[in-house]
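Student: Structure incoming, see below.
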Amino acid sequence: MYRLLANILPKNAMEMYKSLMAYSNIKIEPNKFVGFLAFSGIGLSLFLAFIISPMIRAPLWILLITFFFVFEVTIYMILLLRADMKAKFIEDVLPDALQLMSSNLRAGLTVERALILSARPEFGPLQEEINLVGKEITMGKDLGEALSGMSKRIKSDKLEKTMLLIASGLKAGGELASLLDQTANNLRQQKFVEDKVRSNVMMYVIF
């Protein structure tokens with residue numbers, strides 16, 4: 001039943017939900033999840049519409065559509081917020097992970113081993129992503145392809161550009177450790193500038 005309800009949604013809406021589910025680490029089958037949301041939204045909207053309609057003397061169908069729309073928008077915003085929080089955390093710890101990987105490379109480890117050993121519990125979601133990339137590599141997937149696939153699960157332009165840069169460095173065969181150090185420094189500098197701009201904007205708003 002849930003899959004049937006999911007098929008009623010437009011294709012673009014379904015793809016949007018699939019992306020947000022991947023960004024939010026929701027591992028339920030997309031059709032089931034979206035179908036459940038639609039079913040829950042209809043049920044809750046009907047319940048609220050039947051209760052509130054006599055009180056405000058509004059048409060039942062208008063309330064039904066309004067409540068369903070509010071429910072779906074709320075769920076969408078929750079998923080979007082969860083995806084943004086995950087991306088923000090990963091962007092904050094990414095420079096440390098890159099520098100750790102660089103240190104592992106300078107210690108003589110292979111690129112694959114240096115990447116896997118750069119996963120730390122304090123990196124949170126990034127540790128899970130690094131471990132997943134490590135599993136994909138052991139199963140025979142190309143390292144550059146595995147790194148690029150990480151950006152499909154994290155809603156971050158910074159991470160996507162960083163992974164593309166590392167993949168390009170691997171293909172070019174350059175000094176990857178230096179590239180990682182430079183990238184980490186650039187990310188820290190970029191964050192410093194963004195925080196400073198944000199602080200200045202807040203000061204202007206206050207005064």
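The values are calculated or read from the model by the stated rules, or taken from the named source; none is laboratory data. In this text the structure is predicted, and so the values were computed from the model without any measurement. As a convention, Cβ positions derive from the backbone with ideal geometry for all residues, glycine included, and neighbour counts pool all protein chains shown. Quick note on the areas: whole protein, heavy atoms, side chains included, nothing else; ligands and nucleic acids left out. Shrake-Rupley method; radii C 1.70, N 1.55, O 1.52, S 1.80 Å.
Student: Looking at the stretch 160-167, is at least one residue of a type in the set (Gly, Ala, Ser), modelled with pLDDT under 90, in a helix (DSSP H, G or I) and more than 28 Å from residue 193 (Cβ to Cβ)?
Tutor: Scanning the stretch 160-167, I find no residue that is of a type in the set (Gly, Ala, Ser), modelled with pLDDT under 90, in a helix (DSSP H, G or I) and more than 28 Å from residue 193 (Cβ to Cβ), so the answer is no.
Student: Which is over 29 Å from the mean Cα position of the chain (by Cα) and part of a loop (DSSP other than H, G, I, E, B), of 63, 109?
Tutor: One residue alone meets the criteria, 109.
Student: If residue 114 satisfies all but one of (1) outside any helix (DSSP H, G or I); (2) open to solvent by less than 60 Å² (accessible area, probe 1.4 Å); (3) not aromatic (Phe, Trp, Tyr), what's the number of the condition it fails?
Tutor: Unmet condition: (1).
Student: Would the stretch 62-69 turn up any residue that is surrounded by 14 or more Cβ atoms within 10 Å (Cβ to Cβ) and modelled with pLDDT of 90 or more?
Tutor: Yes: one or more hits.
Student: Test residue 131 against the criterion of being free of Cβ contacts under 8 Å to residues at least 12 places away in the same chain and polar (S, T, N, Q), and give yes or no.
Tutor: Answer is no for this residue.
Student: For residue 72, only one of the following conditions fails: (1) farther than 22 Å from residue 11 by Cβ; (2) assigned to a helix (DSSP H, G or I). What is its number?
Tutor: (1)
Student: Here's something else I'd like to know. Quick one: which residue in 105, 100, 126, 179 is in contact with a helix residue (DSSP H, G or I) (Cβ under 6 Å, 6 or more places away or on another chain), surrounded by 16 or more Cβ atoms within 10 Å (Cβ to Cβ) and either charged (D, E, K, R) or within 29 Å of residue 82 (Cβ to Cβ) (or both)?
Tutor: 126
Student: Considering 82, 57, which residue is farther than 22 Å from residue 115 by Cβ, out of contact with any Phe, Trp or Tyr (no Cβ under 6 Å at 6 or more places or on another chain), of a type in the set (D, E, K, R) and exposed (fewer than 13 other Cβ atoms within 10 Å of the Cβ)?
Tutor: Working: 82 fails: exposed (fewer than 13 other Cβ atoms within 10 Å of the Cβ).
Only one candidate qualifies: 57.
Student: Got a sec? Which of 152, 141 is in a loop (DSSP other than H, G, I, E, B), surrounded by fewer than 19 Cβ atoms within 10 Å (Cβ to Cβ) and in contact (Cβ under 8 Å) with a residue 60 or more places away in the chain?
Tutor: Just a single option satisfies the conditions, and that option is 152.
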